[in-house]
Ligand SMILES: O=C(O)C(=O)Cc1ccccc1
């Protein structure tokens, strides 16, 4: 059985994602996202499940930052979960003055809280389930949690299906130490983090390397390197798998162009997205073109 570290404690959305991505495996809760990833780096876990992107709040920056630091890890699978919340209190609570949750959850229920719990103060906790733990301990009055949290903590459900934005979704990754990659499926996602050189047009050049090969971006985030003010790393997701000639060609170009490129994985997409390929940018076009250059070099044809 594999050991899967996940961003816990029990009852987080990430635990639900881990159950979907690694059914039947041993799940080990970690208190923070960096701790879940550190468990893989130290060998305490075989893989980790972490949130990466939310349809309302955007990137989960703790995940981006931890993936760009320390030993490289690669994403091997992803799952997309619908996100709506339950509001839990200690049984018998009459007055709600504080509402605790993960910042991504608080951001997604702000209007609901204003309308339904006027005057209640939002308080950030490390995860939605950590908010349930804190409410159970009497630290706060209400927790905004995943629906499953009530099965783990002795709290009462005050509201369900709470969400300012309907159909919000969060994408979660299963991350491992580098090793054998998942096979390409034809509907894959590749992720990298690149440090562009610090000069005019560097990011545009980097993106052009993808654009000229007809590669469709699915996400772009910038995060500070934390070393020099104004210096950023770019986290780029795009359609395709590194095993494909067109993607390999683009990665080789980025490797030439950038100060540093880290490969963060190629794996099947969970959003049923199709891969758009521009005319002249299909794998066969790349293979054919490379073959043609080789034959020109050998003097076989011009
Ligand atoms: O705190 C959790 O339950 C998480 O897994 C992170 C999160 C928070 C809000 C929406 C989706 C995921």
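Mind checking which residues of region 228-238 are modelled with pLDDT under 95 and either in contact with a helix residue (DSSP H, G or I) (Cβ under 8 Å, 6 or more places away or on another chain) or under 27 Å from residue 269 (Cα atoms) (or both)?
At the first step, the residues of region 228-238 found to be modelled with pLDDT under 95 are 228-233.
Correct list: 232, 233.
The rows are residues; the columns are (1) modelled with pLDDT of 95 or more; (2) in a strand (DSSP E or B); (3) within 25 Å of residue 67 (Cα to Cα).
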{"residue": "264", "(1), (2), (3)": "yes, yes, yes"}
{"residue": "267", "(1), (2), (3)": "yes, yes, yes"}
{"residue": "273", "(1), (2), (3)": "no, no, yes"}
{"residue": "289", "(1), (2), (3)": "no, no, no"}
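Could you check residue 182 against (1) within 15 Å of the ligand (Cβ to nearest atom); (2) under 30 Å from residue 275 (Cβ atoms); (3) crowded, with 16+ Cβ neighbours inside 10 Å and say which number it fails?
The number of the failed condition is (1).
Against the conditions (1) under 20 Å from residue 72 (Cα atoms); (2) under 18 Å from the mean Cα position of the chain (by Cα), where does residue 240 fall short? Just the number, please.
(1)
The rows are residues; the columns are (1) part of a loop (DSSP other than H, G, I, E, B); (2) more than 30 Å from residue 240 (Cβ to Cβ); (3) without any contact (Cβ under 8 Å) to a residue 60 or more places away in the chain; (4) more than 16 Å from the ligand (Cβ to nearest atom).
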site	(1), (2), (3), (4)
77	no, no, no, yes
80	no, no, no, no
91	yes, yes, no, yes
99	no, yes, yes, no
105	no, yes, yes, no
112	no, yes, yes, no
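Every residue in region 126-145 that is crowded, with 24+ Cβ neighbours inside 10 Å and outside any helix (DSSP H, G or I), please.
127, 140, 142, 143, 144, 145
Among the residues of region 114-136, what is the count of those that are modelled with pLDDT of 95 or more and either more than 17 Å from residue 164 (Cβ to Cβ) or within 11 Å of the ligand (Cβ to nearest atom) (or both)? First the steps, then the outcome.
Narrowing region 114-136 to residues modelled with pLDDT of 95 or more: 114-117, 120-136.
Subsequent filtering for residues that are either more than 17 Å from residue 164 (Cβ to Cβ) or within 11 Å of the ligand (Cβ to nearest atom) (or both) retains 121, 123-136.
Final tally of qualifying residues: 15.
Regarding region 35-43, can at least one residue be identified that is assigned to a strand (DSSP E or B), surrounded by fewer than 20 Cβ atoms within 10 Å (Cβ to Cβ), away from the ligand (no atom under 11 Å from the Cβ) and modelled with pLDDT of 95 or more?
No, because not a single residue in region 35-43 is assigned to a strand (DSSP E or B), surrounded by fewer than 20 Cβ atoms within 10 Å (Cβ to Cβ), away from the ligand (no atom under 11 Å from the Cβ) and modelled with pLDDT of 95 or more.
Given the conditions (1) more than 25 Å from the chain's Cα centre (by Cα); (2) away from the ligand (no atom under 16 Å from the Cβ), and given that residue 68 satisfies all but one, which numbered condition is not satisfied?
With respect to (1) more than 25 Å from the chain's Cα centre (by Cα); (2) away from the ligand (no atom under 16 Å from the Cβ), residue 68 is out only on (1).
Just checking, which of 297, 255, 199, 246 is over 27 Å from residue 21 (Cβ atoms) and modelled with pLDDT under 90? It would help to see each step written out before you state the result.
Values: 297 fails: modelled with pLDDT under 90; 255 fails: modelled with pLDDT under 90; 246 fails: modelled with pLDDT under 90.
Just one listed residue meets the conditions, 199.
Could you check region 145-176 and list, in sequence order, the residues that are at pLDDT 95 or above, away from the ligand (no atom under 14 Å from the Cβ) and over 13 Å from residue 266 (Cα atoms)?
Result: 154, 155, 156, 157, 158, 159, 160, 161.
Please go through region 180-212 and pick out each residue that is in a loop (DSSP other than H, G, I, E, B), under 22 Å from the mean Cα position of the chain (by Cα) and touching a residue at least 40 places away in the same chain (Cβ under 8 Å).
Residues satisfying the conditions are 181, 182, 183, 184, 185, 186, 187, 196.
The values are calculated or read from the model by the stated rules, or taken from the named source; none is laboratory data. Only a predicted model underlies this, so the values are computations on that prediction, with no experimental measurement involved. Here Cβ is always computed from backbone atoms with ideal geometry, including for glycine, and neighbour counts include all displayed protein chains.
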